Structures are given as structure tokens and as C-alpha cells.
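One structure is given below, encoded as C-alpha cells.
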Amino acid sequence: MTPMTLYVASMSTPSRAVLLVVRNLSIDIEIKQLNLLAGEHRRSEFTKINPRCCVPTLVDNDGHNDFILWESKAIMIYLAEKCQRFGHSLYPKCIKTRAVIHQRLFHDASELYVRILDIANLAFSGVNPMITVQHKENLKKALQILESFLEGHDYMTGNSITICDFAYFASVCTLVHFGYAISKFPCISQWYQRMKKYEGIKECDEGAQEFGEMIKGKLGNSFND
Ligand SMILES: N[C@@H](CCC(=O)N[C@@H](CS)C(=O)NCC(=O)O)C(=O)O
């Protein structure tokens, strides 16, 4: 296997999703943590690699050239394609199963994660800003979709775990540490417990906790108010 480096930040939800794939496929990869609050992602060493200055970012060197990839979902698919061993089902070959995995990865990126960003951006938008009814309603709508995916199934695309469970887990874990009560969604709550047996969950939870404490400390109210 050629040397690979993954730039991440523990508080970053998409970084934690990629790390879950890394841990569950036992990928031998150098992990470089960037401190976003200290602006390490804006230093020239990193902007030369990724002008978008975001984590996660993967660098895969084939011995001659660096192949650079950013956008967490693209990295998750690439790592699963490259590193999944025979018998693993995280990214099955069936094109219809893959299409559903992609659909759910895009749903996480374009809806659930956007709602998480709304709360994170809100927290940094002034002095003790308030979570509104609209924020709660938007999150509820996104989570109702996850609840429907899980009705009658153990995982997000059926009865086997795939990479999209790791994407959704990183997002839901962030929400849990924002103080959002997922107990309102019985299937999500059971799936969340079911996911705890996988590799890297503790690492994901610790990063989400650190991020959640920071966000909760800035907000003027909680999801329960
Ligand atoms: N859609 C991207 C989002 C990446 C992203 O925005 N990462 C954040 C951390 S969660 C970041 O690096 N922010 C620094 C910046 O944009 O300046 C993905 O899924 O990888």
C-alpha cells in the first residue's frame, strides 16, 4: 500500500466520518490533526495542498505524484474502493446498492449536515444567540428521513452496515453533543446504540463532545428550552 496522509480536525464532523471508515477498514494511514481555531488550515503548507483550506483532505502518494482529494464523501468512497478487502460490505459492488449509498451520502451532505452547520454558524453569530422553532423544525424534518430509512432495517441502507452509516453517525453524534434529544426517534436511537460496537466510535464521540461543549457554551438556549 502506498503512503497516505489524512488531514483532519477532531471537532470536524466530516473529518470524523472519514476517520470511522479508516478505523473500520483498518487502513494504514498517517493522520495529521489541524487546529482550525488556531488557523492551521490557512497556513501555506496546507493551502498548497488544498486551496479550499478544509478538512478532511487526503493525500495519496503513488511513489511519484500526490493524488489529493477533499470532500469527505468523495474520500470515504475512494478509501472504500481502494482499501476494502474481499468479504467487507461497507461499499458493495451492486450498482443499485451503491446508488442508494450515494443518495444517502448526498442527503447527509446537503440536508442534515447543513442543519448542523446552521446551528454551528448560529453559535458564532453574536452574543448568546437563540435556537429558534425553525431550527428545530428543520432538524426534525431531516431526522424524520433517517428514521424512515431505519424502519424495519438495522442500518441506513438495509441490514448491512455501509459507509453511509458512518457519515450519518458522525452527524447524529454531533447533534447529540449539541444537546439534541434523539430519543424522539426510536429507530435512530436503537441504531445509534447498535453503531457503538464499531471501531473508532469513541474517537468520534470525543471529538463531537469537544465541539458540542464549545457550541453549547455560546448559545443562549438549548434544544430543550
Ligand atoms: N463538504 C465538506 C465540508 C468540509 C468543511 O467545511 N470542513 C470544515 C471543518 S468541519 C473546515 O475545514 N472548515 C475550515 C474552513 O472552511 O475554513 C466535506 O464534507 O468535506
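Read-outs: derived from the displayed coordinates by stated rules, not from any lab. Bear in mind that the values here come from a model prediction, so they are computed numbers and not experimental data. Positions of Cβ are backbone-derived with ideal geometry, glycine not excepted, and every protein chain shown enters the neighbour counts.
Assign unit charges at the C-beta atoms only (+1 for Lys and Arg, -1 for Asp and Glu), then state the dipole size of the range 95-218 relative to its Cα centre in Debye, rounded to the nearest 20.
Using only the charged Cβ atoms, the result is roughly 240 debye.
Can you compute 3J(HN,Hα) from phi for each residue in the range 162-175, using the Karplus curve 6.51 cos²θ - 1.76 cosθ + 1.60 with θ = phi - 60°, rounded to whole Hz and x for Gly and Pro?
In residue order, the calculated couplings are 9, 4, 6, 5, 6, 5, 5, 4, 4, 5, 5, 4, 4, 4 Hz.
Using each residue's phi in the range 121-134, evaluate 6.51 cos²θ - 1.76 cosθ + 1.60 at θ = phi - 60° and report the 3J(HN,Hα) Karplus result to the nearest Hz, with x for Gly and Pro.
5, 4, 4, 8, 8, x, 8, 6, x, 9, 5, 9, 4, 5
Modelling each spin label as a point 7 Å along the Cα-to-Cβ direction, I'd like the Lys82/Lys141 distance in nm, to one decimal.
3.7 nm
What spacing in nm lies between the two simple spin-label points modelled at Ala74 and Gln134, each 7 Å away from Cα in the Cβ direction?
Spacing of the two 7 Å Cα→Cβ label points: 3.2 nm.
Could you work out [θ]222 nm for the chain from helices alone, using -39500 (n - 2.57) per DSSP H run of at least four and dividing by all its residues? Round to the nearest 500 deg cm²/dmol. Present the calculation step by step, with values, prior to reporting the outcome.
Details: 9 runs with 112 residues, N = 225.
The helix-only estimate for the chain comes to -15500 deg cm²/dmol at 222 nm.
Using Cα-Cα distances under 8 Å and only pairs 6 or more residues apart, what relative contact order does the chain have, in percent?
So the answer I get is 25 percent.
On a full-extension model of 0.36 nm per residue, what is the gain between Glu210 and Ile31, subtracting their alpha-carbon distance, rounded to one decimal in nm?
Net length gain for the segment: 62.6 nm.
Antiparallel as a % of all DSSP beta bridges within the range 4-83, to the nearest 5? Let's see the in-between values first.
Details: 9 of 13 bridges.
So the antiparallel bridges in the range 4-83 amount to around 70 percent.
Each residue of the range 179-192 in turn: what ³J(HN,Hα) in whole Hz from Karplus with 6.51, -1.76, 1.60 and θ = phi - 60°, glycine and Pro shown as x?
Here the 3J(HN,Hα) series is x, 7, 7, 6, 4, 5, 10, x, 5, 4, 4, 5, 4, 4 Hz.
How would you order 7-13, 203-209 from highest to lowest mean count of nearby Cβ atoms within 10 Å?
7-13, 203-209
Please give the contour-minus-distance gain from Asp154 to Cys94: 0.36 nm per residue of separation, less the Cα-Cα distance, rounded to one decimal in nm.
Additional length available on full extension: 19.7 nm.
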